[in-house]
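What follows draws every value from the coordinates through simple rules; no lab data is involved. Predicted model only: the values in this text are computed from it and were never measured. Please note: Cβ atoms are built from the backbone with ideal geometry, for glycine as well, and neighbour counts cover all protein chains shown.
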């Protein structure tokens, strides 16, 4: 199983450094993945806002309109989950995570507004839907 039973102090230290580097890489990979999900969510929210500004023209099936808010909500939740899975972040990452969380809180308001609008829109008949854009 092992080539030898005894390792030098420097070999043990090298293993510790390698293990810490691997942990940091995983931590930053998870953070970067959360950022990617958050950025994609924002892109999709902006797409919803643009579509809303165009009064949902061209028309899409209700399921497609619902999907337009479901997907960014899912990505947003994925980003939050990934951040919550980060263990023992270094001081630099703590600051980055705090900034991202603040940005996510701000974006969450926009996403909730669009989600609520779509929910209301989908509950109405076609005539009432058109009226929603003229308030």
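What to note about this one:
- Per-bin percent of Cα-Cα distances, the chain [10 Å]: 11, 31, 20, 16, 11, 6, 4, 2, 0
- Whole-number percent relative contact order across the chain, with pairs defined as alpha carbons under 8 Å at least 6 apart: 33 percent
- Principal-axis analysis of the Cα atoms of the chain puts helix 9-53 at an angle of about 10° to the longest axis.
- Helix-only [θ]222 nm of the chain, DSSP H runs n ≥ 4, -39500 (n - 2.57) each, per residue, nearest 500: -28500 deg cm²/dmol
- Spatially, the stretch 75-116 and the stretch 17-73 are offset by 12 Å when compared through their Cα centroids.
- By the count of neighbouring beta-carbon atoms within 10 Å, fewest first, 117, 76 end up ordered 117, 76.
- The packing ranking of peptides 15-25, 34-44, 98-108, 77-87, highest mean first, is 34-44, 77-87, 98-108, 15-25, where packing means the average number of other beta carbon atoms within 10 angstrom of each residue.
- Seen against the Cα atoms of the chain and their longest principal axis, helix 62-84 is set at about 30 degrees.
- Panel order for 6, 67, by other beta carbons found within 10 Å of each beta carbon, from fewest to most: 6, 67.
- Between helix 91-123 and the chain: long-axis angle, C-alpha atoms, 0 to 90°, nearest 10: 20 degrees
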